Amino acid sequence: MPLPTISDVQLSSYNFVPGSEIEISWNSTNQEEYVVYLYDDSTNSLVSDIACPNGAFHPILGNACLLHGSSTDTSIKWNVPWILPSGQYMFKVAVGNGSGWSDAIPKLCEI
């Protein structure tokens with residue numbers, strides 16, 4: 001199978017409050033799974049620090065993802081935790097298959 005590609009990552013909004021729901025969507029080809037990472041944009045540090053289930057591991061971003069799915073879904077929803085401090089954050093989304101992973105596409109938002 002050819003390597004997967006990802007494009008047109010979108011957020012349902014770019015300003016959120018804790019407790020609200022964020023929908024993240026994208027277009028892809030040859031996708032069998034996805035990973036979503038969350039970074040603090042001011043420090044470029046990874047906020048998500050839980051290992052992805054099923055051994056998902058992006059070669060550049062690593063295995064500490066916020067969300068992971070073994071499916072061809074091209075959108076997911078995530079509830080902003082009440083404990084997340086306000087600030088600028090960056091979601092990075094990548095898709096994978098048995099041949100490897102796509103590049104990660106970043107999207108900024110304000111919480």
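Here are a few things to note about the model shown:
- Ranking of 24, 83, 76 by neighbouring Cβ atoms within 10 Å, starting from the fewest: 83, 76, 24.
- Nearest-0.05 FRET efficiency for residue 71 and residue 15, computed from C-beta distance (R0 35 Å): 0.75
- Calculated FRET efficiency for the pair residue 41/residue 99, C-beta based, R₀ 35 Å, to 0.05: 0.70
Quick note: the coordinates plus some simple rules give every number you see, no bench work behind them. Computed from a prediction, not measured in an experiment: that's the story for all the values here. Cβ atoms come from the backbone with ideal geometry, glycine included; neighbour counts cover every protein chain shown.
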